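I have placed the structure first, in the form of structure tokens, so that the comments after it can refer back to it.
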Amino acid sequence: CLQGQLLAKSWSSLFGGQSGATPRSPIYSFNGRNILTDPLWPHRLAWHGSTPRGGRARRRDCQGWRGSGTDEGMASPLGQGRLLAGHRHNCSAP
């Protein structure tokens with residue numbers, strides 16, 4: 001619950017792709033912008049560096065979140081309902 005709004009019905013629905021896992025409430029950046037609607041967030045990804053089961057995705061965490069160039073990290077599109085489904089993205093991507 002953030003600013004009094006429910007993000008997901010349950011912990012398992014947030015990660016397992018069950019009904020109710022797609023965020024319907026705003027998700028705010030550290031500077032208070034709603035990343036689901038703000039044009040400064042065109043890719044709406046949750047960067048996590050995890051496998052679909054929640055373990056560390058070796059060599060897919062942007063080298064401890066300090067990587068650049070050709071390093072890759074795991075991220076999932078918000079609104080898909082599977083937070084850890086993850087796809088590889090270049091760590092230099094905005």
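Under the 0.36 nm per residue contour assumption, what length would be gained going from the current alpha-carbon distance of ASP38 and LEU6 to full extension?
Extending this stretch completely gives an extra 9.6 nm.
Can you tell me the length gained on complete extension of the stretch ARG58 to ALA93, counting 0.36 nm per residue apart and subtracting the Cα distance?
Stretched fully, the ARG58-ALA93 segment lengthens by 10.7 nm.
What order, most packed first, do the peptides 52-62, 27-37, 83-93 have when packing is the mean number of other Cβ atoms within 10 Å of each residue?
My ranking of the peptides, most packed first, is 83-93, 52-62, 27-37.
Values in this text are rule-based calculations from the coordinates and carry no lab data. Since the structure is predicted, the reported quantities are computational estimates derived from the model, not experimental observations. Heads up, the Cβs are rebuilt from the backbone with ideal geometry, glycines too, and the neighbour counts pull from every protein chain shown.
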